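The values are calculated or read from the model by the stated rules, or taken from the named source; none is laboratory data. Quantities reported herein were computed from a predicted structural model and do not represent experimental measurements. FYI the Cβ positions are ideal-geometry reconstructions off the backbone, even for glycines, and counts take in every protein chain you see. The accessibility values were calculated without ligands, DNA or RNA, using every heavy atom of the protein model including side chains. Shrake-Rupley method; radii C 1.70, N 1.55, O 1.52, S 1.80 Å.
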Amino acid sequence: TVRNIGELMGGHYHVFYTCHASRKFFYFLDPSRRGRISIDVIMNSDVLMEFVKLYQLESPSDSSIEEELPDDLMDNWFTFQIMYRVYQHYVELDTDWNGMLSVSEMAAYNNSSFSPMFIDRVFEVYPTHGYTNEIDFKRYLDFVLATENTQSDISAAYFWKLLDIGGCNFLARAHVLLFAKELCEKLASSQLLAVEPEDAAREIFDMVNPVDPDKITLEDLKRCGQMNLILSILVDHRAFFNYDSRENILAANNSQSKDRDDDGTSESY
């Protein structure tokens, strides 16, 4: 299958596909970042199972951008379609075409939804070796994997290092308030929502309900049952807006569903 994808992509894409595919193995299976993974760990991993599903694609043409994937492969990291989407986004962000992403370029990720301080922390905590203000494709892939898999413990650890701005292994109310201020500034500048930083920070603490009411630990986040949601809304203003507007969104969806029923367009099973 990898050979088939390589035939489809040619030399240029093959290099990036190899990096794209291998990065997921190392991201999830090498948490200590030693640069190596035992065969036993690979053989017993969900990542390998996801990769093996590619054998449903019998020929190179099955992996073309135009071809529609089977439902169970739509979100498969190892398909050419996903790789191409991730790679193209990287290229679009790289406005100076130097093959690296600067802080300002990375800030445009996901339509600039992440707070500036959070993006700055990515470059501080996870730098590319030999560079201070730029990251390469590998570090970018780590960021993509982390933000798209916030429910995993690996991503929780990735996020936690970025959030722990005091280096004290907990988030005090002052730390959360710093992120909340940037969150509220972006909400206001986008004309999405007017909310006070203190209210946003208080909401975060209420959701976590930490053991110590004045600080949040990683264990508190994992225990509260809303870790992936909290990690998103603390640094992504659009995620916060969607969370804050969840009742309105649900009501709108229910109204649309009712309209379809009234029109006789609902499906019957």
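Distant-in-sequence amide contacts of Ala172, defined by a placed amide H-H separation under 5 Å and a gap of 5 or more residues or a different chain, comprise Ile216. Per residue, the accessible area of the stretch 152-195 comes to 46 Å², computed with a 1.4 Å probe over protein heavy atoms only. Largest first, the residues Phe143, Phe241 sort by 1.4 Å accessible area into Phe241, Phe143.
Placing dummy labels 7 Å off each Cα toward the beta-carbon, the span from Leu48 to Cys19 is 2.7 nm.
In order along the stretch 29-34, the phi-based Karplus estimate (6.51 cos²θ - 1.76 cosθ + 1.60, θ = phi - 60°) of 3J(HN,Hα) comes to 9, 10, x, 7, 6, 8 Hz; Gly and Pro are listed as x. Extents of the stretch 82-218, largest first, come to 46, 33, 28 Å (Cα atoms, principal axes, whole angstrom). The local environment of Glu203, defined by Cβ-Cβ distances under 13 Å, has a net charge of -2 under the rule Lys, Arg +1 and Asp, Glu -1.
By the Kirkwood approach, averaging reciprocal distances over each pair of separate Cα atoms, the stretch 199-244 gets a hydrodynamic radius of 10.7 Å.
Computed from backbone phi, the HN-Hα couplings of the stretch 46-55 come to 5, 5, 5, 4, 5, 5, 4, 4, 5, 5 Hz, rounded to whole numbers (Karplus: 6.51 cos²θ - 1.76 cosθ + 1.60, θ = phi - 60°; Gly and Pro given as x).
What fraction of the Cα pairs in the stretch 158-222, stated in percent, has a spacing above 18 angstrom? Summing the P(r) of the stretch 158-222 above 18 Å gives 37 percent of all pairs. In this structure, the pairs whose alpha-carbon distance is over 28 Å, taken from Lys24/Lys215; Lys24/Lys186; Lys138/Lys161, are Lys24/Lys215; Lys24/Lys186. So what's the net charge close to Asn76: Lys and Arg +1, Asp and Glu -1, counting the other residues with Cβ under 11 Å from its Cβ? Taking every Cβ under 11 Å from that of Asn76, the sum is -2. Note on Glu134: accessible area is roughly 40 Å² with a 1.4 Å probe, heavy atoms of protein only.
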